[in-house]
Amino acid sequence: MAHYRASESKREQFRRYLEKAGVLDSLTSVLVALYEETEKPNNALDFVKQHLGVAGQESADTEALQQELRDVRQRCELLAEENTELKNRLQRYEPTQEDGAAE
């Protein structure tokens, strides 16, 4: 019986934690919105994610990061090409150490 009370106490602590953090209110309002939908969505989980702000925020962040990654990769490629070109030009104007030692 003591074990039952201990686990019940942990559950109650966890419930208070969720309530204090606003999780219960958020979930309740999303579930009420889902219940009140006249045309139920095909994917209830996507509905919940979208209404909790997870899907929209994640996809916006993901898209921004993917665009930034594309930009950085393109810039890196341009810099690598420029570096190669500059090295080739430098070779024409400055003899390498081996060439200088032979003179």
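For this structure, a couple of remarks:
- Hits among lysines - C-alpha to C-alpha of K87 under 27 Å, sequence gap 8 or more where chains match: none
- Straight Cα distances below 19 angstrom link K40 to the lysines K49, with same-chain residues fewer than 8 positions distant left out.
- Accessible area (Å², 1.4 Å probe, nearest 10) - E8: 80
- For the pair E37 and A64 in one chain, pulling the backbone fully straight at 0.36 nm per residue adds 6.6 nm over the alpha carbon distance.
- Of all lysines in the structure, those lying under 18 Å Cα to Cα from K10, and not within fewer than 8 positions of it along the same chain, are K20.
- L31 accessible area, assembled protein chains, probe 1.4 Å, Å²: 100
The values are calculated or read from the model by the stated rules, or taken from the named source; none is laboratory data. Note that the structure is predicted; figures quoted are calculated from it, not measured. Note: areas computed on protein heavy atoms with side chains; ligands, DNA, RNA excluded. Shrake-Rupley method; radii C 1.70, N 1.55, O 1.52, S 1.80 Å.
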